[in-house]
Amino acid sequence: MIDMHSHILPAVDDGVSNLKDALAMLRLAVKDGVMEQILTPHIHQARYERNNVERLGRKFREFRDIVEDQGIPIDLHLAGEVRIGPEVRELVENDQIPWLGEWNGHKTFLLELPSNSVPVGSDNLVRWLRNAGTLPIIVHPERNPVFQKFPEKLTPFLQMDCPLQITAGSLLGRFGRPAQKLAVQLLKEDRVTAIASDAHNLKYRPPNLGKGVKAAAKHIGRERAATLVTSSVFDLLMGDRHRMVC
Ligand SMILES: [Fe+2]
């Protein structure tokens, strides 16, 4: 499996806070069947002002060396989870987005909306991003109460071909019934491109992709569920040159 969304790069955001736990999380991910782990720290200037491409790249290389030394058999890559906001335009213009990869010539990245709202103008910003040659992947829409209440508000993003990534924990009921319900609905409507762990820590939000896939399989079958952590994700990662791997 490829896990395209996680906060396992230690001590850079609200994810895992120390190296020991980060290594333990990777070992759990390997046990779970993850062969490729994408580390996606928050890119959100108001909250994590030091998280930029250069600093995260440095931290990533240090961490990857340690993981190699420890002999943990997992392929690591760095991307980021970019919070929607007016500054995203500038980040794109200055090539300061930690790109995930490329899809049909469009540079892909994870785009996060606030946890409780869909800011007015989000669709306009996404339109600008599409016109700028990027493809934002909307992460965990099922956890947003606005989309839970009005799933049709996802339509503009889907019409712009934005892939949706849902969280494994949502399918397991970890984010409440409404999140689970919307996650299942999106799966059944074939609107989901990827399932990811969005793992943050060992205790409350551990690597759990395998369980998420099993839960998805109950609704859409094993074969289709498996593509959401393999081939579908791989498509969004094509064009390795855009990845911040140094
Ligand atoms: Fe995240």
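The figures follow:
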{"quantity": "The chain - mean residue ellipticity at 222 nm from DSSP helices (-39,500 (n - 2.57) per run, n ≥ 4, rounded to 500)", "calculated": "-11500 deg cm²/dmol"}
{"quantity": "With eigenvalues of the C-alpha gyration tensor scaled by 5 and rooted, segment 106-178, Å", "calculated": "22, 14, 9"}
{"quantity": "Rounded to 5, percent antiparallel among DSSP beta bridges of the chain", "calculated": "10"}
{"quantity": "Trp128, Trp103 arranged by Cβ crowding within 10 Å, fewest neighbours leading", "calculated": "Trp128, Trp103"}
{"quantity": "Relative contact order (%) - criterion: Cα under 8 Å, at least six apart; region: segment 2-242", "calculated": "22"}
{"quantity": "All-pairs Cα distance distribution in the chain, expressed in whole percent, bin size 5 Å", "calculated": "1, 7, 15, 20, 21, 19, 12, 5, 1, 0"}
{"quantity": "Lys pairs, the chain - Cα-Cα below 21 angstrom, 8 or more residues apart or on other chains", "calculated": "18"}
{"quantity": "Extended-chain gain in nm, criterion 0.36 nm per residue less alpha-carbon gap, Leu158 and Val120", "calculated": "12.0 nm"}
{"quantity": "Under Karplus coefficients 6.51, -1.76 and 1.60, residue-wise ³J(HN,Hα) of segment 186-200 in Hz, glycine/proline x", "calculated": "5, 4, 5, 7, 6, 9, 9, 9, 8, 10, 9, 7, 6, 5, 10"}
{"quantity": "Sequence-distant residues sharing a close amide H with Gly101 (under 5 Å, placed H)", "calculated": "Thr108"}
{"quantity": "Backbone HN-Hα couplings from phi across segment 201-206 [Karplus 6.51/-1.76/1.60, Hz, Gly and Pro as x]", "calculated": "7, 6, 7, 9, 9, x"}
{"quantity": "Proximal charge balance of Ala24 [Cβ under 14 Å; K/R count +1, D/E count -1]", "calculated": "+3"}
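Quick note: the coordinates plus some simple rules give every number you see, no bench work behind them. All figures in this text were calculated on a predicted structure; none of them were measured in a lab. When we count neighbours, we look across all protein chains shown, and the Cβ atoms used for this are built from the backbone with ideal geometry, even at glycine.
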